[in-house]
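Q: Let me give you the structure first, and then I'll get to my questions.
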């Protein structure tokens, strides 16, 4: 996925940007949408606090949330998913969980592949 990876103060961060074009009846706009994933506090080598913010077009939200539900790894007991609606038809999908980081990142990676 060609991401920037950063480790600072015990927190791993992965960042990726993607360009999208929004068109209206009179003009078009290009936006750079960010995807940021972080995790910290790996407990006993098993679980971590995982967080992600994924900026999406409003029509992409149901596609991504459906892909997240279809992953082989079931959602953990401690899982939060919310969508914030923003201006110009953009949304921010916020995810947070307590589970092994590789489960969280793997689920999100597979879901994001549907956008490529």
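Q: Please go through the stretch 63-102 and give me each residue that is within 13 Å of residue 52 (Cα to Cα) and at pLDDT below 90, ordered by number.
A: 101
Q: Here's a follow-up. Going by the structure shown, is residue 36 free of Cβ contacts under 8 Å to residues at least 12 places away in the same chain and under 19 Å from residue 6 (Cβ atoms)?
A: Details: free of Cβ contacts under 8 Å to residues at least 12 places away in the same chain: no; under 19 Å from residue 6 (Cβ atoms): yes.
Here the answer is no, as residue 36 does not meet what is asked.
Q: Tell me, which strands (runs of 3 or more DSSP E) wholly within the stretch 9-116 include 1 or more residues that are more than 13 Å from the chain's Cα centre (by Cα) and surrounded by fewer than 14 Cβ atoms within 10 Å (Cβ to Cβ)?
A: Counting at least 1 such residues, we get 11-23, 28-43, 79-85.
The values are calculated or read from the model by the stated rules, or taken from the named source; none is laboratory data. Here the structure is a predicted model, which means the values were calculated and not measured. Please note: Cβ atoms are built from the backbone with ideal geometry, for glycine as well, and neighbour counts cover all protein chains shown.
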